[in-house]
Amino acid sequence: MDSTIDQVIDQVCRWIDISTGPMTNNVDRIDANTKLNDMINTVIYTNPELYLKVALGLIGKLNNNERYVHDYLLEIYVHYGFKVINDLIKFSWYNNINANIKEELKDSCIQWCNSRLFSRYGGNLAPNRISTSTLVLNSCSNVIAEIFIREWPNNWTNFFNGVTERTSLVTLYTFLNISDLIHNSQMPNNSMRRKELRSALSQNHEIIYSYFQKTLAIMESDIYLDVLLTLEYKQMVIIKSFETLDSLFEWFQLNETIINRIIYIAASLAPNLDSRYSYRLKMIAYKCIQTLVQQINMTNPENSELLCDIFYNFSADKFLFYFITHSLRTYFNYRHPIESHTELFDLCSLVLNIACEIMCQVIVLYNKKTTNSKMRKNITHNQELWSSFLNFIVSCLMHNNAILDDIALKFLLLYCKLRHGDSTLASSSSSSSALISHGKVNLISPIDASVDHKFPMQILTLVGQCKTVPKPEPVANKCELRVSMQIDSYQCYCNLFSQNCNKFKMVIFEFAQHEREICQTYVTNMFHEIRNSRSEMDSKVLIQTGVRTWSVVSTMCSAIIPKIAVTPEFTPIIEAYFVFLLNEIKDQNKDQSTLSDILSILSSMSNFYVHFSHEHIELFLSQIFEFTLKNKGNLNFNRDQELQNHAGALFIKLSVNCSNTLLPFFDLMRDQADKLWADQAISSTQFCSLYEGLIIMSNHFPMLEDQRKFIYDHLLPKIKWVITYDSGINGLNFFRDIGLNKEPDFTCTAPTLSVNRTFCEAFLSLNLLNRLFKRISPGRCLAIAWTSIFDYITPFYKLITAINTLWYIYRTNDEANLDQLVHPFYRKFIFVEASNLFLNMTCSDRLFLVPPDRLKTHFLNWDRQTPPLPDMIGLHTQQRLEMLFTQTLAFLSNSLNYVFFYYSTYPTSEIIVETFLKNSLQQMFINIKSLPFIYYYDFIKTYLRNLVSYCPRNEKFLQTTEIVTILNGFLPFLFTKLDQKFKLLQQEKVIELESSEPNRTVPIAPNISIQKKNDEKKLEMCMEIVHNVIGQEFIYLLREIFNEPKNINHWASKFQLESQHKQIQNMDDENMDEDMNEFVENDTIKKSVVRVEDNDSYLSKYMISNNAFPMVNIVTNCLLWPLGVVRPAISEVNITLVHYLLARGAINSVDRFYYLADRIIRAINLTEKNDSNAINSFLSLFTFLYEKVVVKNRLTEIVNPQLAQICSVETVQWDNFAQSLSVIQENQDRKRQQKNLKLLLKNVYLKEISQLHSLSKPELLCLGDNSSTKQNVDSSAENDTDTLSLAWLF
């Protein structure tokens, strides 16, 4: 070997020795690593042929018989050699490597496969550490696979004959890598070349499967010198053969002999927990079977027919019968409990998963129109198999393991949709998961009624026994947490259990609707046991149904009774239990949780109330009113308050569902509520709940005058404070009147605001008004109270102004005014940028990050006899003022709908409404920019979105109310704050990544500050979530601005619908047919075009008309925000914007295409790769922009070369894409275009396209009015492609 090559090899070995040496200092280690990385990244490309020889020399150390200080050094030398070759192949194969060296490398590849990377000693090959090293086997096979996808079949004709000569791990690893490259990584990038490889491999399938027959029989044969192989090597060959086949089965042509061999190995022996090899062999064999089972809907007809015959044939001599009746029983009846061994549990979970997938697919096949009658008959012929499987599901559920439950629910969710008799067959493309998620589908059951008649009752019993209450943590630690790597904490277990519980409820819902007699029997038995076993119930034990607590009874009743049809036979039974429960809640010895559970059970019977006697309803109402009383009995105050809230919520529910039934008691209930309030026997919250129910019922008065009397004589007098109180300029008197300007009385036994008359009246008035506008029928509201309604709304706009102004005074350090409004004691509590109330609102799905609620802790520890602590007084004041802000926004939002409804109903009132809204909005937005950033979440979500969704879109209204002017001033302000924060967060993450080097010295903080730093980190994470959710609401607001207005009359009509009809309608809306969903998704652009061209109702039109720059800048730059959840909404807004710009002739040059395309492509690269919905929406946006600007105006010769350069593809690929857009396309073709576009953009990594296209002006465009740009796009592109107008929209 050349001396230069030897020197380089020695140098590389020294660097590796230094890098891996345990005694090497950090400086030398970093230097060695840097040199090794530099060689891989840059040096090897300066002389590829030299470094190929260096790499081969490193690999040749296998046969040098040298001794190394550490055994792993040779492994790393060889791996590094393969790594060098691999990188040179990827980046220099076609340009810098001559044909002779390529042939030498191909010969070396075949030699590595045949030699198995054994070492040569005295002319003989012998196993070594390298031959079984996963690191080396992977790197070696990667080299062979990379050459394979470039050279085979035309330039490497002897590949298969060469590599299949010996049973070698190198060959198996190579086949696995080839499969992953072609199928999973979609390599090579050229689709035609990929098709060529797939076709050629299919033609060689006999050679490939013949090789696998040889490798799987390696234990049984001494041929091919395999007698020299160690037992460990042979076992690894078999395991890797299964892994490779598992990958091939996802896309390759199937082979019946190999499949039968796999089935034989999987089903032949019981698992041997003492043998690691036996366990791994079983697992990988069953994984292969699972992969095959999943391919039934994804393979060609020939493969599908083979799979159906092997896995879905119910004959007694086929796999399925033996698997269901024998194999499953073997694993689950093994001598060890399945939770005692992780390996056994994993294996049991896998076979259960396979069984459920097969049986679900059998049901789908049975219900497909394309399934032949012979197979359908075969499925129903062997009912013994169905019986065994149903019994097996029951036995699995009896294990009471959340992981097994999650798997079994796959079958149960499909089974509960089965109906005996005729039904509608599914389409040929339906899958089990699609049918499960489709709420309206009923399937024909292939199971005889005589076989599964007990199964629903068994499921109900098991759910009641152990599926509604999670295990205590010590028990879960011994079961789920012990055997599963996926469940690593008790919280994870609880989350899984909760998901399962909801799925079980879905199953019960279906049973309740379609297995009515069984569910009635279950409920009857459960209540019968309760009524006749009261002593057992009090001790938390029941008899037959297995239900052991009132909470479980509540859960089961809530799931079953509301779904059971009301029949004359069952109603008397429910009423009898209703009376029994009314007697139970009178028991003074029952604790609060039991009483709350009984109230829930009573609530579940609401569908039957209309058929109950008036005496029983009256008794029930009196009981509810009793529970609303303050400090009932000796109950704990906090728990008593929860019971009061439950009773109030139940009264509202009764009012919604049973208004006509309760109307005869209306006067009695109203007088009772007034009396309790006058006697101060109930809290203001409970009083408002009772009045909310009365408002709901009053909508059903036959005579309008009766409701008018209730409103004017009883409700409005209780809130007359609203129209008589003088809050002063900007409402600032309110803060003085509630005592904020004075030090609190620390001797008072209640928080300051709880006893302040002004605040209590304000809060009561707001609460009642909010409930009034939430519940009263719009038509009746207009007829009864509209003449005075503005008087009750205006003061609360003034209240928002007061809060804004208070923060403005604080921000501007106006101490003189601040001293008159807020005492220094309150300032540290009131002027908080992110309180617990708002953090809980914005971080609802990450509550564990929110700091502990100090106010709640104070209330839990307060005896209510002594004065509260100063800290509690301050926190209580903070919370009440923030609640006042949020509830005021909710009230004003609710009132907007009534205002808009009045505007659309009475055209003569237009001037009144427009003037009112103009004054109100101007007042509301005074000093709004001074609010804490977190306040904008509620402001946008609750008020602004409702405002822009329902406001009329006519020019007169928008100009008079100045809504467009207000939004054009507020949106850029909020966008700037959000954009700056998102950029700052991204910079911080980059800095954090750069500072996380393993060798960086980080000082260890003292233990005393660790908790503080953790709390600060959690708060930082909370604030990041806050900005994300505000950003999401901002995007949703933009979507409302760029969409048509919602129909205010449709909103008003919902008050006239019966509750049952509304529930059915909601269910139908949620379960829209999947084909229609697909059509809507693919047709979004088409409908958007129609809306833009034919409809002037977009609010965005009026906002862009005056000054386009703010909205265009906002909408296009939102594409770069890191908000994965709302990316489809961002794309939707941009699609509408692009439509509008194209309609106005604004995108009239190549530069402007690049400006928009740049952001779209960057948005695609910022999106998570598994977020297919968002990526597809961006691809649709890019496709539409490209089609309308580039293809339509014949700019492909200018644009495509640039795009090809950026994407590192050939120009012809972009030309082909353009050609596919030049003809009318169907939905399926549109999907294919998106897939092709995704492949074209694959190599773009956040490159700015606009930087690659020469521009003479800055990238950020200033938009204005310039009629000269209204010209033909072709002439603009040819004559002025480098000139960027300052006004490119109009």
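The values are calculated or read from the model by the stated rules, or taken from the named source; none is laboratory data. Predicted model, so just to flag it, every value in this text is computed and none were measured. Counting neighbours? That spans all protein chains shown, and the Cβs are built from the backbone with ideal geometry, glycine included. Heads up: the accessible areas ignore ligands, DNA and RNA and are worked out on the full protein's heavy atoms, side chains in. Shrake-Rupley method; radii C 1.70, N 1.55, O 1.52, S 1.80 Å.
Quick check on segment 1134-1146. Is at least one of its residues part of a helix (DSSP H, G or I) and open to solvent by 40 Å² or more (accessible area, probe 1.4 Å)?
Yes, there is a match, as at least one residue in segment 1134-1146 is part of a helix (DSSP H, G or I) and open to solvent by 40 Å² or more (accessible area, probe 1.4 Å).
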Checked pairs for segment 4-20, first open to solvent by 60 Å² or more (accessible area, probe 1.4 Å), second assigned to a helix (DSSP H, G or I) and acidic (Asp, Glu), C-beta under 7 Å and 6 or more apart or across chains, list as ILE18/ASP28
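Here is a list: LEU595, LEU581, LEU599. Which entry is without any contact (Cβ under 8 Å) to a residue 24 or more places away in the chain, part of a helix (DSSP H, G or I) and surrounded by 14 or more Cβ atoms within 10 Å (Cβ to Cβ)? Write out each step before concluding.
On the way: LEU595 fails: without any contact (Cβ under 8 Å) to a residue 24 or more places away in the chain; LEU599 fails: without any contact (Cβ under 8 Å) to a residue 24 or more places away in the chain.
Exactly one of LEU595, LEU581, LEU599 is without any contact (Cβ under 8 Å) to a residue 24 or more places away in the chain, part of a helix (DSSP H, G or I) and surrounded by 14 or more Cβ atoms within 10 Å (Cβ to Cβ), namely LEU581.
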Exception for GLN186 within (1) part of a loop (DSSP other than H, G, I, E, B); (2) open to solvent by less than 10 Å² (accessible area, probe 1.4 Å); (3) modelled with pLDDT under 90 falls at (2)
Counting only residues in segment 306-330 that are polar (S, T, N, Q) and over 15 Å from MET375 (Cα atoms), the one surrounded by the fewest Cβ atoms within 10 Å (Cβ to Cβ) is identified as THR330
The residue from SER1180, SER1131 that alone is in a helix (DSSP H, G or I) and open to solvent by 10 Å² or more (accessible area, probe 1.4 Å) is SER1180
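Looking only at helices (runs of 4 or more DSSP H) that fall completely inside segment 712-827, which ones have 2 or more residues that are over 30 Å from LEU869 (Cα atoms) and under 44 Å from the mean Cα position of the chain (by Cα)? Write out each step before concluding.
Details: elements: 721-724, 733-737, 752-755, 757-775, 778-811, 815-821.
Those helices (runs of 4 or more DSSP H) span 757-775, 778-811.
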Log entry, pairs with first residue in segment 341-365 being over 25 Å from THR380 (Cβ atoms) and outside any helix (DSSP H, G or I), second being open to solvent by less than 10 Å² (accessible area, probe 1.4 Å) and of a type outside the set (Asp, Glu), beta carbons closer than 8 Å, six or more apart or on different chains, reads HIS341/VAL483
Over segment 476-498, the set of residues open to solvent by 70 Å² or more (accessible area, probe 1.4 Å) and either outside any helix (DSSP H, G or I) or within 19 Å of PHE848 (Cα to Cα) (or both) is MET485, GLN486, ASP488, GLN491, ASN495
The lone condition GLY731 fails out of (1) within 20 Å of THR886 (Cα to Cα); (2) surrounded by fewer than 22 Cβ atoms within 10 Å (Cβ to Cβ); (3) in contact with a Leu (Cβ under 8 Å, 6 or more places away or on another chain); (4) not hydrophobic (A, V, I, L, M, F, W, C) is (2)
Per the filter on segment 445-474, residues of a type in the set (Gly, Ala, Ser) and in a loop (DSSP other than H, G, I, E, B) are SER445
Tell me whether segment 873-890 contains one or more residues that are crowded, with 16+ Cβ neighbours inside 10 Å and closer than 22 Å to ILE1041 by Cα.
yes
Of the candidates ALA783, ALA802, the one satisfying the condition of being touching a Leu at 6+ places or on another chain (Cβ under 8 Å), among the small types (Gly, Ala, Ser) and closer than 15 Å to VAL722 by Cβ is ALA802
Counted residues in segment 397-406 being on the phi < 0 side of the Ramachandran plot and surrounded by fewer than 21 Cβ atoms within 10 Å (Cβ to Cβ) come to 3
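Hey, does segment 750-758 have a residue that's open to solvent by 20 Å² or more (accessible area, probe 1.4 Å), more than 22 Å from MET924 (Cβ to Cβ), in contact with a Pro (Cβ under 7 Å, 6 or more places away or on another chain) and of a type in the set (Val, Ile, Thr)?
yes
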Exactly one of GLU480, GLU510, GLU517 is among the acidic types (Asp, Glu), under 27 Å from the mean Cα position of the chain (by Cα) and modelled with pLDDT of 85 or more, and that residue is GLU510
For segment 781-793, pairs from a residue that is surrounded by 12 or more Cβ atoms within 10 Å (Cβ to Cβ) to a residue that is outside any helix (DSSP H, G or I), with Cβ under 8 Å and 6 or more apart or across chains, are LEU782/TYR906
query = Among the residues of segment 1165-1174, is any touching a Pro at 6+ places or on another chain (Cβ under 9 Å), buried (at least 22 other Cβ atoms within 10 Å of the Cβ) and at pLDDT 75 or above?
reply = yes
Of those in segment 833-869 that are in a loop (DSSP other than H, G, I, E, B) and β-branched (Val, Ile, Thr), the residue nearest to LEU931 (Cα to Cα) is VAL850
When ASP745 is run through (1) in contact (Cβ under 8 Å) with a residue 60 or more places away in the chain; (2) of a type outside the set (A, V, I, L, M); (3) open to solvent by 50 Å² or more (accessible area, probe 1.4 Å), the failure sits at (1)
Checking LEU799, LEU768, LEU849, LEU860 in turn, the sole residue that is surrounded by 19 or more Cβ atoms within 10 Å (Cβ to Cβ), in contact (Cβ under 8 Å) with a residue 40 or more places away in the chain and over 30 Å from LEU704 (Cβ atoms) turns out to be LEU799
TODO: For GLU250, state whether it is of a type outside the set (Lys, Arg), at pLDDT 85 or above, in a loop (DSSP other than H, G, I, E, B) and open to solvent by 10 Å² or more (accessible area, probe 1.4 Å).
DONE: yes
**Asked** Would a scan of segment 903-926 turn up a residue that is of a type in the set (Phe, Trp, Tyr), surrounded by fewer than 21 Cβ atoms within 10 Å (Cβ to Cβ) and not in a helix (DSSP H, G or I)?
**Response** yes
Residue set ASN100, ASN177, ASN161; condition assigned to a helix (DSSP H, G or I), open to solvent by 10 Å² or more (accessible area, probe 1.4 Å), within 23 Å of MET192 (Cα to Cα) and of a type in the set (S, T, N, Q); output residue ASN177
Cβ pairs under 8 Å, 6+ apart or interchain, first in segment 50-63 and at negative phi, second basic (Lys, Arg) and at pLDDT below 90, ordered by first then second residue, are LEU62/ARG120; ASN63/ARG120
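Name the residue that is nearest to GLU1044 (Cα to Cα), counting only residues in segment 939-957 that are open to solvent by 10 Å² or more (accessible area, probe 1.4 Å) and in a helix (DSSP H, G or I). Give the derivation first.
Start the filter on segment 939-957 by keeping residues that are open to solvent by 10 Å² or more (accessible area, probe 1.4 Å), which leaves 941-942, 945-946, 950, 952-956.
Cutting the leftovers down to in a helix (DSSP H, G or I) gives us 941-942, 945-946, 950, 955-956.
Working: LYS941: 18, THR942: 19, ARG945: 13, ASN946: 13, TYR950: 9, GLU955: 15, LYS956: 17 Å.
Going through the qualifying residues, I end up with TYR950.
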Taking segment 656-711 and keeping only residues that are charged (D, E, K, R) and either buried (at least 17 other Cβ atoms within 10 Å of the Cβ) or not in a helix (DSSP H, G or I) (or both), one is left with ARG670, ASP679, GLU692
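Each row is one residue, and each column tells you yes or no for (1) at pLDDT below 85; (2) basic (Lys, Arg); (3) more than 22 Å from GLN290 (Cβ to Cβ).
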{"residue": "GLU343", "(1), (2), (3)": "yes, no, no"}
{"residue": "ALA355", "(1), (2), (3)": "no, no, no"}
{"residue": "MET359", "(1), (2), (3)": "no, no, no"}
{"residue": "SER387", "(1), (2), (3)": "no, no, yes"}
{"residue": "HIS399", "(1), (2), (3)": "no, no, no"}
{"residue": "ASP405", "(1), (2), (3)": "no, no, no"}
